[in-house]
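Quick notes on the structure that follows.
The values are calculated or read from the model by the stated rules, or taken from the named source; none is laboratory data. Not measured: the values here are computed from a predicted model. Positions of Cβ are generated from backbone atoms using ideal geometry, with glycine treated the same way; all protein chains shown enter the neighbour counts. Accessible surface areas use protein heavy atoms only, side chains included; no ligands, DNA or RNA. Shrake-Rupley method; radii C 1.70, N 1.55, O 1.52, S 1.80 Å.
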Amino acid sequence: AKAEGRNTVRAFEPAMDAALAERRRLEADLRRALAGDELVLHYQPQVRPACGRLVGFEALVRWRHPSRGLVPPNAFIPLAEETGLILPLGEFVLREACREAARWTLPLKVAVNLSPRQFQQADLPERVLAILTETDLSPDRLEIEITETVIINDMARALSVLRRLKALGIRIAMDDFGTGYSSLATLQAFPFDKIKIDRSFVSQLGERPSAAEIVRAVLGLGRSLRIGVVAEGVETDGQRRFLADEGCEEMQGYLFGKPQPAERLAAMMDGERPA
Ligand code: C2E
Ligand code: CA
Ligand code: CA
Ligand code: CA
């Protein structure tokens, strides 16, 4: 049994080496991607189905890798976060999103995801302001999406950063609402402008009665706290109808459009009637 144990260890090591090597390769690749032009943003529409109006787009980063193809963010954001590469990456995303939004034919808002490490920068508000100035985007068109993990690390600092961002006229949305440990306490302590109901609840509508109750409760919470609620991951007409009946005004999901490259947005905006 002892010998077998040793063999198991020996067999395990090369696998670990391989994983580590793969990680290093990905990290080196990501550095190169940042220096070059391999990172691109796709944009997913956010709509008000009742009046059929487009209200904005969420910017979602993709990596056009020369040999791996289009790599989704879940495959490299965590690594970027661990290695600190998220800082230049996040700054690229913010600048690119503001730059592109400033050229849209309608003054819709652009939502940008910020990771915990970005939010820990004490000078984040100054950096954001510099980008808004440089790209000439009005602050009220920018919405920053954060999850509560951003906040629980260092409450005091997060609150100060959040207040300074809001003082610039930027809106702040709480992303993936309901999936964290203390969503309600976070909501009470921080001045969010918007709550995004996590896709996991929306996708279970019609399958698990509890999902409907949770969604209903979050919409009620938004109403009483006067915070806008967006449902994410809306894929079916049944989900849309339920949400609309329960008073959800803003939605995002494949039903209304997948994330798409910047070139495709002009056509979507052309179809809009002027506000
Ligand atoms: P998220 O912020 O919750 O973004 C929503 C994700 O759900 C996106 O995946 C989007 O494509 C997907 N989605 C939207 N509607 C539907 C739907 O109807 N059905 C299904 N099945 N999926 C839908 P994506 O683009 O792969 O991004 C995954 C996550 O990566 C994002 O989750 C966000 O946490 C992170 N991420 C993306 N871009 C950035 C970025 O620029 N910076 C940071 N820090 N994180 C980012
Ligand atoms: Ca998001
Ligand atoms: Ca989300
Ligand atoms: Ca998410």
Practice task
Would you kindly identify the helices (runs of 4 or more DSSP H) lying entirely within the range 191-275 that contain at least 1 residues that are farther than 30 Å from Ala102 by Cβ and under 20 Å from the mean Cα position of the chain (by Cα)?
Solution key: 199-203, 209-225
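Per-residue answers, yes or no, for (1) away from ligand 4 (no atom under 16 Å from the Cβ); (2) touching a Ser or Thr at 6+ places or on another chain (Cβ under 9 Å):
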| position | (1), (2) |
| --- | --- |
| Arg99 | yes, yes |
| Arg117 | yes, no |
| Leu129 | yes, no |
| Leu142 | yes, no |
| Leu162 | yes, no |
| Ala167 | yes, no |
| Asp175 | no, yes |
| Ala185 | yes, no |
Practice task
Please specify each residue of the range 123-167 satisfying the condition of being within 16 Å of ligand 2 (Cβ to nearest atom), closer than 25 Å to Leu54 by Cβ and open to solvent by 60 Å² or more (accessible area, probe 1.4 Å).
Solution key: none
Fill in the blank from the handout: Of those in the range 56-76 that are more than 25 Å from Met269 (Cβ to Cβ), open to solvent by less than 20 Å² (accessible area, probe 1.4 Å) and not β-branched (Val, Ile, Thr), the residue farthest from ligand 1 (Cβ to nearest atom) is His65
Completion exercise
For the range 168-183, pairs from a residue that is more than 15 Å from Ile144 (Cβ to Cβ) and open to solvent by 40 Å² or more (accessible area, probe 1.4 Å) to a residue that is near ligand 3 (Cβ under 10 Å from one of its atoms) and assigned to a helix (DSSP H, G or I), with Cβ under 7 Å and 6 or more apart or across chains, are Thr179/Ser200
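Yes/no matrix, rows are residues, columns are (1) open to solvent by 20 Å² or more (accessible area, probe 1.4 Å); (2) closer than 19 Å to Val112 by Cα; (3) of a type outside the set (Phe, Trp, Tyr):
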position: Ser203; (1), (2), (3): yes, no, yes
position: Glu235; (1), (2), (3): yes, no, yes
position: Glu250; (1), (2), (3): no, yes, yes
position: Arg264; (1), (2), (3): yes, yes, yes
Handout entry: Sole residue being over 29 Å from Cys248 (Cβ atoms) and open to solvent by less than 30 Å² (accessible area, probe 1.4 Å), chosen from Leu79, Leu94
Key = Leu79
Exercise for the section: Give the residue that is nearest to ligand 2 (Cβ to nearest atom), with candidates limited to residues of the range 191-200 that are over 17 Å from Val128 (Cβ atoms) and surrounded by fewer than 19 Cβ atoms within 10 Å (Cβ to Cβ). Expected result: Arg199
